[in-house]
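Throughout, read-outs are computed from the coordinates displayed, never taken from laboratory work. Fair warning: this is a prediction, and the values are worked out from it, not measured in the lab. Here the Cβ positions follow ideal geometry from the backbone for every residue, glycine too, while neighbour counts run over all protein chains shown.
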Amino acid sequence: MPVIGLQLMMLKDQINEKGMYEVLRQVRELDIDAVEVSQVEMTDELIDDLVRGKADFDVETAAMSVSIAPGGNGFALETEFDRAVEACRKTGARFLRIGMMPFQAMTSKQAAEEWAGSVEPYAARLAEQGITLCYHNHHVDLIKFDGERIFDIVRRVAPSLLFEVDLHWVQRGGMAPLEMLEAYSGACKLIHVKDFRVAPLPADVYAKFEAKEIDMKEFYGAFLSLGQFAEVGQGNMNWPALLPAAEKAGAEYFLIEQDDTYGRDPIDCIRESREYLKSIGY
């Protein structure tokens, strides 16, 4: 069974305030076994805290974030390749992950191919070190250029680059998540477990529309924005079917993530997600 983990972008403010070590203590109290590190500065101190957290709390590092060029999220492989590998050695992490392709790469087939081509040498070099580089999708990865999805372009041009599948974004992109997992079986190593709910239409927005304080264009913009990130089990995703399918597709980690908690304490949201996963056998 895949290891249950947490995408630490949900607790980045707490990491900056208290340090990674104390956050890992909280993670263990939530009965979570692994973390994915993202959106925090990868200092030597933070890496040492990950090592201490594994020793003291048995919370493993599932993955850490990288970019290709400097200025992105995590280690920059162009300038910090050796440091990224060393961090994996220290923490025991077997995966690195790219959180998003550059926006330019989303604009055309050629741009997507060029980006994937620039990543492949790094993915291959990391594989030689026993480290798997994964690419985290968003809805844009369902774009088709000449009938070929960005997902397919990445697999064709960068075969050493595997996937961190965000099932929420697959759903939002218009592909059935079960279909996606089957289509890319074997490449789906990390899974972001994040629900998708549709919020009620805000009463104040409707009142403004009725009072003609906003026009149809503004009202319809609000109507189209009702899709939300949700605690696992609190949306419309079919997790009892999706998680076994993800496991069959090669998943090694299920990572709880919620991009926005809409004013709720993220710890409460994480706890709720974890309890739901327990209720369905995870």
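Miscellaneous remarks
- Some residue of the range 36-55 being within 12 Å of Leu255 (Cβ to Cβ) and charged (D, E, K, R): yes
- Number of positions in the range 1-60 that are outside any helix (DSSP H, G or I) and over 18 Å from the mean Cα position of the chain (by Cα): 7
- Any hit, the range 120-132, residues being on the phi < 0 side of the Ramachandran plot, charged (D, E, K, R) and in contact (Cβ under 8 Å) with a residue 60 or more places away in the chain: no
- Pairing each residue of the range 268-282 that is in contact (Cβ under 8 Å) with a residue 40 or more places away in the chain with any residue that is among the β-branched types (Val, Ile, Thr) and part of a helix (DSSP H, G or I), provided the two are 6+ apart or on different chains, yields C-beta distances under 9 Å for Ile270/Val27.
- Test: residue in the range 210-232 that is under 18 Å from the mean Cα position of the chain (by Cα), among the polar types (S, T, N, Q) and not in a helix (DSSP H, G or I): yes
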